[in-house]
Protein chains: 4
Amino acid sequence: MDLGMIGLGRMGSSMVRRLLVAGHRCVVHDVRRESVEWLQRDGAKGAFSLSELVRQLPAPRSVWLMLPAGVVDDTLRDLAALLEPGDTIIEGGNSHYRDDLRRAAELRERGLHYVDVGVSGGVWGQERGYCLMIGGEPGPVHRLHSIFSALAPGVSAAPRTPGREGPPSPAEQGWLHCGPNGAGHFVKMVHNGIEYSLMAAYAEGLAVLHHANVGRHPPKADAETAPLREPRAYQYDFHLPDVVEVWRRGSVIGSWLLDLTAQALGRNPELSDFSGRVSDSGEGRWTQQAAIDEGVPTPVLASALYSRFTSQGEADFANKVQSAMRFAFGGHLEKKGGG
Amino acid sequence: MDLGMIGLGRMGSSMVRRLLVAGHRCVVHDVRRESVEWLQRDGAKGAFSLSELVRQLPAPRSVWLMLPAGVVDDTLRDLAALLEPGDTIIEGGNSHYRDDLRRAAELRERGLHYVDVGVSGGVWGQERGYCLMIGGEPGPVHRLHSIFSALAPGVSAAPRTPGREGPPSPAEQGWLHCGPNGAGHFVKMVHNGIEYSLMAAYAEGLAVLHHANVGRHPPKADAETAPLREPRAYQYDFHLPDVVEVWRRGSVIGSWLLDLTAQALGRNPELSDFSGRVSDSGEGRWTQQAAIDEGVPTPVLASALYSRFTSQGEADFANKVQSAMRFAFGGHLEKKGGG
Amino acid sequence: MDLGMIGLGRMGSSMVRRLLVAGHRCVVHDVRRESVEWLQRDGAKGAFSLSELVRQLPAPRSVWLMLPAGVVDDTLRDLAALLEPGDTIIEGGNSHYRDDLRRAAELRERGLHYVDVGVSGGVWGQERGYCLMIGGEPGPVHRLHSIFSALAPGVSAAPRTPGREGPPSPAEQGWLHCGPNGAGHFVKMVHNGIEYSLMAAYAEGLAVLHHANVGRHPPKADAETAPLREPRAYQYDFHLPDVVEVWRRGSVIGSWLLDLTAQALGRNPELSDFSGRVSDSGEGRWTQQAAIDEGVPTPVLASALYSRFTSQGEADFANKVQSAMRFAFGGHLEKKGGG
Amino acid sequence: MDLGMIGLGRMGSSMVRRLLVAGHRCVVHDVRRESVEWLQRDGAKGAFSLSELVRQLPAPRSVWLMLPAGVVDDTLRDLAALLEPGDTIIEGGNSHYRDDLRRAAELRERGLHYVDVGVSGGVWGQERGYCLMIGGEPGPVHRLHSIFSALAPGVSAAPRTPGREGPPSPAEQGWLHCGPNGAGHFVKMVHNGIEYSLMAAYAEGLAVLHHANVGRHPPKADAETAPLREPRAYQYDFHLPDVVEVWRRGSVIGSWLLDLTAQALGRNPELSDFSGRVSDSGEGRWTQQAAIDEGVPTPVLASALYSRFTSQGEADFANKVQSAMRFAFGGHLEKKGGG
């Protein structure tokens, strides 16, 4: 079918390529002219303005936005002004699901449909397919069936779950209509909240292994620092690329993230090309805020999020407060330098 | 080769079966006579005492212990008295790595070798193979090569990590000599620490989805309880078996644990056959204690562990202290019943 | 001066009594007729409707609301319709500061002033005085100076902070104009976030002492449970009322909460009159949500909040998910009963 | 009575001065000759070797050690060789309570008594008195009664707990015989675990207030970073010295730590003379390890401890692992610079 795609960054352009391969017709637009031209060479129809994009699509139109969260609302407003009743806008970026609720209501007044899609898959999606979590009215979601099928990995991407029978459901193909508007980004939000914690779990465990030789060079004891009680129990030099590799087969903790970690550690066991600063992109934050509204305890998810904040330097003031207290009651001047 | 196996519970007996299939000769012993007899039918040689087991093995002997942690030391002592210099004991249970260090030193004085093996794979291992994390001297570990190979899943169990070349290393087959004594159980300990957190991460995320309909029936506000600020944002009825299923394909959070969760939710979406109590078996605790000795922050791992303690009722006294404070400063009597 | 008070629960009625003692004139209203009558006996003027209350106050009027969060907006609307430009409404309940921002803007359009006040002090406030955290325009806040002074504990409630000089500032008397609208409830929100964690910190520490005799009756070891490694190190029977008492003098952790804990433990060292369920009232939640918006890590505050959620039974589904996983990969059936 | 004091650092020398003022006779020793000479000027008898100290004390001797944890065992061994049966060694430093158990057993074989004392009070103790948590046999503890009384703050240091009657108990004077050997340091250990969390609770709350103006200059949104959803809700410039000051009177969170924080913020509201690195001295770590042995959840205490580890740079490797994963699945290069 015909699909307009606005936003041709890493994700948007890869998705278009996957759709083209599957035989869909894509009209593409981006504020960067060269991004459009690159995809033209791959078979997409280029559009150098929103109106040009709209003109090239047959009604009822389906236009997919794959934009940074900060510019979605402006683009939506401009695009909606060009569309006709019955057309559908699909928002596939990192939107907050509450924005989906608001936007869907606004567009509904103009006869437009809104579908929110949480997309997971990253840079591997063009090849592996994308996991799609979808919210919206049944009609427009149904109409986009073949697009979702083409983007999703397909049923062969994982062994069938025992107990599942009959023709594979969309969920088994890698796309799911999760519920009404906002449902897609809600599920994606929680997905990312989980993702942060899975990453942190592996990372913390590997750090414990990485420092398992601390007994060789125990930190110097002073009035402030307690001596390590059993240095001889911390004399291990683990080769992390091999440890991660062995966990990939037969263990309970095998996963795709672990596969990727094996690759990264294989290239550079000390990971010295990274600084230790970990960004966060919104969903992890919103998952916490939803958990709190629901009154559901999520201490593991929160810990992973706060570790990222701390890596960004945001614990500094709180730490200074504690040092100030320590100085006030104990005359402690903090040591300089490492551990 | 010939191997003695002591302890024929779920894990020990499955491992023997896998070894028999691979052509190894196993002499098996358990305090429960019928456990021995069952494996005799599968081709193992039965031994109804430790001395009978030792007698049936050619020197240098290799005897694998697969016992509850609480009885390992007694069995080791009795067994060591029956063995000869050059023999090897393999401890494959849930031992603390510090016990490995102590035992290896004690056995070394008698000319015996000690190899510690952390085994992951659970009830699926007989079919999938076991992930083996091994500590000990190079000689005895090398001599057991064919046993480890037979137990491990083999290289085909996962796609090869890009960058790995040449004949597959043991790690790529699912077994790894991690270092000197204790190294095997150290790596297994951290493995389980990670496992707890991966489980908790999925579980917490699914709980946020499960309660995403809290806006339909918001808890009654009173002087104590703040009203839910936006009930309309929590009106989602997610079908968790499908959500988990869709995540299995193409998403960043795919894993074997997720596959198992899909099965469990498929059978019973409310999981009403479980009570909410989650046991812990030692390794998660020891991982924290090691992290603390090393001075490495592991907030995510700790949160998962403490959630298990709490599920076991162990937060009750601390909660009562807080209720007592609330009553003391605010006259608050805690509400009865849910939420 | 003259003040109207609406809401004569535990807090509102005590505040009126403290104001009456200080010589202020209070017109009081509550939906429960008897609450009004009780305060009439103490010298307040009773009002059995909002309009009666407004009629009895000279312009420009000051009306203080001390109501459950869920009914504030309705009362505000009804009251605003009866007031005149130049009048001031003071909201002293557990409002979210974002509601203050909204209400202040709405009332401003009608010429009315809005002052938000976070009040700490609980049932002891009538005697000790209340700590007041205030947000609003300078004019109305200034006009209420004598009310705030009468409610606050006064400068003698704590030793002067070294470095403070000259006549005591309002902060040194126990009330503070924190900033524009919302600032009062923002500071109170964070105050309560801190309060939850202080409570949890004492509670967790006392729980560690309470269980320091676990080595006398170590849990039975089985395949699931690791034995306690050093039972002889956990043989202490601490008498918590005395431990808390000794901490009250000379230690770094002395506090008013500790004083109250000493009283509670003195009455009942096992705290057996509490069930282990700890309510939360909103501010702890909002503090987290603000921290997340700000990107500031607050792991300690979050842990205390989530422990309360868990005490309310809200971790049950997540725990069941974990038990289901454990059963799926290990065939583990959770143990019944304690620890 | 006569007391030997070994270790004349900040704590030891202040304690001697307080004892001298109370009329006790102190023989003092330190490896730094000038530390001995300073206290000689204050009335102590100087000893420039352990044997000189022992010679100057009448039997049965009482010798108090106030030394860095790393040198206690060596000093104990040398001292014990000089003492006679019936003498008592008091260890008042930051010892692990398990070391107390071991030492007490060793000294008992030589007829020597061992008393472990956890001391809180910091640099203020000389003036305010020290909170003393004591473990050991009843006899030696009883014999030291007057020393403990002189060091403790005394009953007037806090208002009497309602319900306490009769002559004030030692706990009400600020010293407590907590139980057999190790009990003193166990209680002190937990005391410090609590202390870390109280400090972190205030610190995190103040950080939330400190960043409440983030809406004025919201971080730039990009594909990675979600825009702040309501910048107008974060426009507050709180003056923290005043906020902390107002909390000192009438609020639920008043404490001595808060008093000290008010002083520190009063001197430098930005706390710019601190770097953000917070040391830890052992007890916080041991409290966690005890909690884990006991199976008692202490998520708040753990979070405070791990925040300190992180401030020391110990999360770096785990953070790099997460960045490596992010790069592997999403092609994300971490941003440089702040938040």
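The values are calculated or read from the model by the stated rules, or taken from the named source; none is laboratory data. Fair warning: this is a prediction, and the values are worked out from it, not measured in the lab. Here the Cβ positions follow ideal geometry from the backbone for every residue, glycine too, while neighbour counts run over all protein chains shown. The protein model used for the area step is the full one, side chains on, heavy atoms only, and it has no ligands, DNA or RNA in it. Shrake-Rupley method; radii C 1.70, N 1.55, O 1.52, S 1.80 Å.
Tabulated data for the structure shown
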| item | result |
| --- | --- |
| Selection count where residues are facing another protein chain (nearest Cβ under 7 Å), closer than 15 Å to residue C:316 by Cβ and either outside any loop (DSSP other than H, G, I, E, B) or small (Gly, Ala, Ser) (or both), scope the stretch B:298-321 | 5 |
| Residue C:333 being over 20 Å from the mean Cα position of the chain (by Cα) and touching a residue at least 24 places away in the same chain (Cβ under 8 Å) | no |
| Selection from the stretch D:256-297 of residues that are over 18 Å from residue D:120 (Cβ atoms) and within 7 Å of chain A (Cβ to nearest Cβ) | D:263, D:264, D:271, D:274, D:275, D:276, D:277, D:278 |
| Given (1) touching an Asp or Glu at 6+ places or on another chain (Cβ under 7 Å); (2) in the same structural domain as residue C:213 (by the TED database), index of the condition residue C:324 fails | (1) |
| Selected residue (only one of D:273, D:280, D:242 is among the charged types (D, E, K, R) and modelled with pLDDT of 95 or more) | D:242 |
| Selection within the stretch A:72-106 - of a type in the set (A, V, I, L, M, F, W, C) and closer than 20 Å to residue A:287 by Cα | A:101 |
| Wholly enclosed helices (runs of 4 or more DSSP H) of the stretch D:1-75 bearing at least 1 residues within 14 Å of another protein chain (Cβ to nearest Cβ) and over 26 Å from residue D:106 (Cα atoms) | D:10-21, D:33-41 |
| Residue match in the stretch D:262-285 (condition: within 28 Å of residue B:281 (Cβ to Cβ), in contact (Cβ under 8 Å) with a residue 12 or more places away in the chain and open to solvent by 10 Å² or more (accessible area, probe 1.4 Å)) | yes |
| Spans of helices (runs of 4 or more DSSP H) in the stretch B:116-234 with at least 3 residues at the interface with another protein chain (Cβ under 7 Å from one of its Cβ atoms) and in contact with a Gly (Cβ under 9 Å, 6 or more places away or on another chain) | B:183-210 |
| Residue in the stretch B:314-324 that is open to solvent by 10 Å² or more (accessible area, probe 1.4 Å), under 19 Å from the mean Cα position of the chain (by Cα) and under 17 Å from residue D:295 (Cα atoms) present | no |
| Candidates D:105, D:152 - the one that is more than 26 Å from residue D:256 (Cβ to Cβ) and of a type in the set (A, V, I, L, M) | D:105 |
| Evaluation of residue B:33 against (1) under 23 Å from residue B:81 (Cα atoms); (2) crowded, with 17+ Cβ neighbours inside 10 Å (one fails), failing number | (2) |
| Long-range neighbours under 7 Å by Cβ, at least six apart or interchain, first residue under 17 Å from residue B:226 (Cα atoms) and in contact (Cβ under 8 Å) with a residue 12 or more places away in the chain within the stretch C:94-111, second among the hydroxyl-bearing types (Ser, Thr, Tyr) and assigned to a loop (DSSP other than H, G, I, E, B) | C:94/C:281 |
| Some residue of the stretch B:76-83 being away from chain C (no Cβ under 14 Å), part of a loop (DSSP other than H, G, I, E, B), without any contact (Cβ under 8 Å) to a residue 60 or more places away in the chain and open to solvent by 10 Å² or more (accessible area, probe 1.4 Å) | yes |
| Among the candidates D:205, D:174, D:250, D:215, residue that is open to solvent by less than 10 Å² (accessible area, probe 1.4 Å) and assigned by the TED database to the domain that holds residue D:108 | D:174 |
| Matching residues in the stretch D:121-150 - criterion: being among the small types (Gly, Ala, Ser) and modelled with pLDDT of 95 or more | D:129, D:135, D:136, D:139, D:146, D:149, D:150 |
| Condition check for residue D:17: assigned by the TED database to the domain that holds residue D:137, basic (Lys, Arg) and within 23 Å of the chain's Cα centre (by Cα) | yes |
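Per-residue answers, yes or no, for (1) among the charged types (D, E, K, R); (2) crowded, with 24+ Cβ neighbours inside 10 Å:
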| site | (1), (2) |
| --- | --- |
| B:104 | no, no |
| B:116 | yes, yes |
| B:124 | no, no |
| B:133 | no, yes |
| B:146 | no, no |
| B:151 | no, yes |
| B:167 | no, no |
| B:179 | no, no |
| B:185 | no, yes |
